[in-house]
Amino acid sequence: MLLTTSLQKVKGVGPKTVEQFASAGLHTVGDLIDFLPRKHEDFSEVVKISDIHPGKMTIKARCEKIETRPVRRGLRITTATLVDDSGKLQAVWFNQPYRTTQLAKGDDEFFFSGEFEFNYNKYQLSNPSAEKVTDMPVNTDRLLPVYRSIKGLKSQLVRKILTEIRPLMTMLPETLPQDVIKSEKFISRSEAVLGMHFPKKPEDVLQARERLAFEELFQLLLASQLNKLDNAKLEGWHIPFDQKIVADFVKQLPFELTGAQRRAAWEVIQDFEKMTPMNRLLQGDVGSGKTVVAGLAARQAAASGFQTALMAPTEILSSQHAETLSRLLQPFGVNVGLLTGSVKGAARKTLYEQIKNGSVDVVVGTHALIQETVHFHKLGFVVIDEQHRFGVKQRQELLTKSEHMPHLLAMTATPIPRSLALTVYGELDVSILNELPKGRKPIETKLWSPNSQAQLYAKVDAEIAAGRQGYVICSLIDDNPDNEIKSVQAEFVKLQNSIFKHRRIGLLHGKMKSDEKDEVMSRFSRGDVDILVSTTVVEVGVDVPNATVMIIENADRFGLSQLHQLRGRVGRSSHQSYCYLVMSDSSKPTQRLKEIEKSNDGFYLAEVDLKLRGPGEIYGRSQHGALNLQIATLSDTKLIARAQKQAKSFAASGASLLQYKELAAQVQHYQRLTTLN
Ligand code: ADP
Ligand code: MG
């Protein structure tokens, strides 16, 4: 048997099991060895029911009675009476109706392990795991690995098959450099894998997890170190600093730059002067004024004869940027063009021509920019707005549209927690706008019960009477008969025909034609629409400073970062702004909603979101879903620091990755995923 042996050759694996494994991406013996347990249940300390007390408890009991009943949409509660020879207690599961089938038949004894806590007016064992006593491994301290569930496959069978291939686990190839293992005093890869699948005592799991988590982080950090070294070898464009050009640009701005904007712009200008292409992330909370930093740099680039490409994720945002930049740059004779899917026919042809002959200096657009038909005259500077909305590939394609590697400025309003900044974005230089423009007031955010919408509309109306504008955000476009979630279509009709009859209401959603979207957006910008009823198409970037109030319907349906982004559409002027989060029902608000009500700080919220949902959800599947960290958590800053130190010294030592075949494959995979260019 080899690591590459197909699972179907393993004893006890039938054709059906092979299929089930395959559905989880497991094909070979090696795949299954790498399929590490999600957690370990400790059944070693069993208590009698008569001795139970609040906290994490394990009992050995039979199930006497069990039933499941629906409580409301989306919630089914299963309750059971569990007995041992000392007494009885009640257990409860939420949305695990299969417990009824698992526990109903027979007189089998199970280990139940869960939190014994006070809930709904009584003490109960909450959501306990249940393992049949006769299924438990015998020769361990009753420390049971729990695997991610594979549809149709019992974890019991997974454990049995792992026992079959266990002999192979004693001679796995080493995947960390020996020096690193020695200096960090780690156990070998084989020992670690065995410690995960077949732990004898709790310390085995701890040691194994530490070593394996370190390994994942080390690979990730090494990849970003190597990317950084590769980048340093590239030859870019030299764009010299011209003080007068920059000073004139700053002088004509309708406002004074913040200190943070000045610092960031200066960092970009300095990078322009180097032959190594810039690789910089401009990170600033919503409304911190990133666009003008890009505009200033584009001015400098144009003065030296270089074109700038600015890519934004939506058409609405692209046309808004084109407008803003043309207002700022046209006075200096810098031409700005807009390229999106809706520029068609002769206009598109002319634009292609102008991009090619260099008569357009700054090209703003959606991913239409990366099409093969777009040729630049001399592309020196690439700006990606809301960079987390794009995949690595799209960025790379834009960067290849130049003879030399252009300077890259990636902008994001989603603040990146320090741990991620170190790992995934380790190769980047970072500029931070940690200061809002003068005179901004914190947005007042309030959770709102759906039962008192009348008062809410009165508040919105008062804002409009004072000359301001507002947004109403719904997650759906059309009403769905299966649920009560509000839609923009229905809300638009309702608001226009009754509640806000005396106001001008606009409708915006992603299924509208681009010229319709543009039209309503520019009416809203001009102040000809009082209330814009919109889906999340306005989530990123949209800038209408006169809008000061936002209602988000069914706010519990949105993620934390998304709510923060949406809310960022108000609070863009010196007027006090308000954001009302209307909940779907009057049940208790979620942690997410409480956090967003409490804080306006995108940085803090991103940290919370990272804890609640994990990095993949936040930073876009395209990039980070594939990072696929099994063991490591990006909140373990101590381990990250250790891995960082080792990765740096490994990269600096010039040791060849070729010596480490296993390591190399994984590192190269990460390099492709995390590189910016
Ligand atoms: P974001 O960082 O969210 O992309 P924008 O670049 O859209 O922010 O800027 C938000 C708003 O603030 C815009 O209306 C912009 O004109 C304005 N703005 C930017 N910098 C300043 C400043 N230093 N003082 C006042 N207003 C500013
Ligand atoms: Mg922006």
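Assorted remarks:
- Test result for residue 351, hydrophobic (A, V, I, L, M, F, W, C) and within 22 Å of residue 235 (Cα to Cα): no
- Counting only residues that are within 25 Å of residue 12 (Cα to Cα) and outside any helix (DSSP H, G or I), segment 167-193 holds 3 of them.
- Some residue of segment 285-298 being within 16 Å of ligand 1 (Cβ to nearest atom) and on the phi > 0 side of the Ramachandran plot: yes
- Contact map, segment 369-386: first residue in the same structural domain as residue 357 (by TED's automatic domain parsing), second residue part of a strand (DSSP E or B) and within 16 Å of ligand 1 (Cβ to nearest atom), Cβ cut-off under 6 Å, separation 6 or more or different chains; pairs are 369/311; 381/308; 383/310; 383/409; 384/311; 384/410; 385/411.
- Residues of segment 7-57 classified as in a strand (DSSP E or B), at pLDDT 90 or above and closer than 22 Å to residue 198 by Cα, total: 1
- Residues considered: 571, 541, 527. Of these, the only one that is under 18 Å from residue 324 (Cα atoms) and crowded, with 24+ Cβ neighbours inside 10 Å is 541.
- Scanning segment 378-407 for residues that are in a loop (DSSP other than H, G, I, E, B) and either within 16 Å of ligand 2 (Cβ to nearest atom) or more than 23 Å from residue 276 (Cβ to Cβ) (or both) turns up 385, 386, 390, 391.
- Contacts under 6 angstrom Cβ, first residue in segment 530-544 being within 10 Å of residue 314 (Cα to Cα), partner assigned to a loop (DSSP other than H, G, I, E, B) and near ligand 1 (Cβ under 9 Å from one of its atoms), 6 or more apart: 540/386
- Among the residues making up segment 231-253, those that are away from ligand 1 (no atom under 16 Å from the Cβ) and either buried (at least 17 other Cβ atoms within 10 Å of the Cβ) or touching a residue at least 40 places away in the same chain (Cβ under 8 Å) (or both) are 231, 232, 234, 235, 236, 237, 239, 240, 241, 242, 245, 248.
- Scanning segment 313-335 for residues that are farther than 10 Å from residue 362 by Cβ and small (Gly, Ala, Ser), we see that the one that is modelled with the lowest pLDDT is 319.
- For segment 254-267, the set of residues classified as within 30 Å of the chain's Cα centre (by Cα), within 16 Å of ligand 2 (Cβ to nearest atom) and in contact (Cβ under 8 Å) with a residue 60 or more places away in the chain consists of 258, 260, 261, 264, listed by residue number.
- Scanning segment 431-454 for residues that are in a strand (DSSP E or B) and not aromatic (Phe, Trp, Tyr) returns 431, 432, 433, 444, 445, 446, 447.
- Test: residue in segment 154-166 that is part of a loop (DSSP other than H, G, I, E, B), touching a residue at least 12 places away in the same chain (Cβ under 8 Å) and either touching a helix residue (DSSP H, G or I) at 6+ places or on another chain (Cβ under 9 Å) or among the polar types (S, T, N, Q) (or both): no
- Segment 515-543, residues that are within 16 Å of ligand 2 (Cβ to nearest atom) and over 25 Å from residue 594 (Cβ atoms): 521, 525, 537, 541, 542, 543
- Residue list for segment 359-374, restricted to those being modelled with pLDDT under 95 and either in a strand (DSSP E or B) or surrounded by fewer than 16 Cβ atoms within 10 Å (Cβ to Cβ) (or both): 371, 372, 373
- Selection count, segment 425-460, where residues are within 16 Å of ligand 2 (Cβ to nearest atom) and over 30 Å from residue 279 (Cα atoms): 1
- Of all residues assigned to segment 202-212, at least one qualifies as being more than 30 Å from the chain's Cα centre (by Cα) and surrounded by fewer than 18 Cβ atoms within 10 Å (Cβ to Cβ).
- In the set (1) touching a Leu at 6+ places or on another chain (Cβ under 6 Å); (2) assigned to a helix (DSSP H, G or I); (3) at pLDDT 80 or above, residue 632 fails one condition alone, (2).
- Residue within segment 544-557 that is of a type in the set (Val, Ile, Thr), within 16 Å of ligand 2 (Cβ to nearest atom), at pLDDT below 95 and under 24 Å from the mean Cα position of the chain (by Cα) present: no
- Checking each residue in segment 273-292 for being more than 16 Å from ligand 2 (Cβ to nearest atom) and buried (at least 23 other Cβ atoms within 10 Å of the Cβ) picks out 277, 278, 279.
The values are calculated or read from the model by the stated rules, or taken from the named source; none is laboratory data. Owing to the predicted nature of the structure, the values given are computational and were not obtained by experimental measurement. Every residue, glycine as well, gets a Cβ built from its backbone with ideal geometry; the counts of neighbours run over all protein chains shown.
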